[in-house]
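Derivation of every value follows stated rules applied to the coordinates shown; laboratory data play no part. Treat the numbers as computed from the prediction; the structure is a model and nothing was measured. Note that we place each Cβ from the backbone using ideal geometry, even for glycine, and neighbour counts take in every protein chain shown.
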There are 2 protein chains.
Amino acid sequence: MPLRDARTGLVLLDREECLEHLARHSVGRLAVVEGDHPMVFPVNYVMAGDEVVFRTAAGSKLTAALRAPVALEIDDLDETSRSGWSVVVKGWAEEITDQHGAAVQALRELPLDPWATSEKPHWLRIVPRAITGRRL
Amino acid sequence: MPLRDARTGLVLLDREECLEHLARHSVGRLAVVEGDHPMVFPVNYVMAGDEVVFRTAAGSKLTAALRAPVALEIDDLDETSRSGWSVVVKGWAEEITDQHGAAVQALRELPLDPWATSEKPHWLRIVPRAITGRRL
C-alpha cells in the first residue's frame, strides 16, 4: 500500500523517488517571500547531494538574506491524461562563498547554465529541511 | 524595441500577452506562505476576467485567511532550445462565498476539474495586484 496524504488522499513519493526526479531534471520553480508576499519564478538548478544549487543575479533578495526560506518545486504533469507528479524541496537558501573552498570549485564545474543571458554571479544552495513529493 | 527588465535584461510581456497565456493554460503553480516559509504546488485554474479561480480542500491555510497573499506562476519552457516564457499573477486569494451570488453560479459552470480525487469544496479567487510576464 502506498503512503497517502491524510488530507488530500494523494500518493506520497518517498525520499529516494524525490531525489531521483530532482537529479533527472534541471528546471524548477523557486518560491521566495518578498515582504509578506510569495513570489515564484523558474530557475535552472543542479543537485549536489541532497542540496539544490542555482545561480542568481546581484541584487536579489536571496543574496541579501543570510538564510532565506525558499521552496523549489519540480513536476511533470500531463494535461491530457491528468496525471503526473510533483516534488518540493523546502529549506533555506544561502550564498556559497569562497569560504566553502573545494566545495565551490566542484560546484563551478557542474553543468549549470542559466537560460537568461544576464550576469548571475551569485551561487546559492538550498539546505533542505524537507523533501516531499506526491503523485497526482 | 521590447521592454526589458532593468535587473535581469529579460524581455517583458505586456498585460495582454500575459492574460492570453493565462487563458490558454489550465495548470499553474501556486505559491503561498506557511508560517514564514514559502510553499509551492500545482493547481488547476480557470480565468474569470483577470481573476484566477481554483479549488482547494477544507483545512488549507488559504481558506483560513480572509485574504492570503499568493502568487500563481505558469510557464512554457523548452529545455532543448532553452527558451520559453513565464507569467506570474500576484495577489490575494479569498474564498468565493454565496454572498457573491450570480458570480458564484457562473464560476461553478467553468470547466474546473482538479486532477486530485479528494474533495475540494472551497472555491477561491486571486484578486490580482500585479500580472507580469517575461520571455526567457
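Could you work out, residue by residue across A:20-31, how many beta carbons of other chains sit within 10 Å of that residue's beta carbon, and then give the average as an integer? Mind showing how you got there, number by number?
Numbers: counts 0, 0, 0, 0, 0, 1, 1, 7, 2, 9, 4, 12.
That average works out to 3.
Mind sorting A:Asp75, A:Asp14 by how few other Cβ atoms lie within 10 Å of their own Cβ, fewest first? Provide the component values of the computation, followed by the final result.
Details: A:Asp75 21, A:Asp14 13.
Fewest-to-most Cβ neighbours within 10 Å comes out as A:Asp14, A:Asp75.
Set Lys and Arg Cβ to +1 and Asp and Glu Cβ to -1, take the dipole of the stretch A:1-90 about its Cα centre, and tell me which of A:Tyr45, A:Thr8, A:Gly35 lies farthest positive.
A:Gly35
Per residue of B:88-97, how many C-beta atoms from partner chains lie within 10 Å of its own C-beta, taken as a mean? Write down the numbers at each step before the final one.
Values: counts 3, 0, 5, 1, 1, 0, 0, 0, 0, 0.
That average works out to 1.
Based on the Cβ-Cβ distance of B:Ser81 and B:Asp14, what FRET efficiency does E = 1/(1 + (r/R0)^6) give at R0 = 25 Å, to the nearest 0.05? Let's see the in-between values first.
Numbers: r = 23 Å, r/R0 = 0.92.
That gives a FRET efficiency of 0.65.
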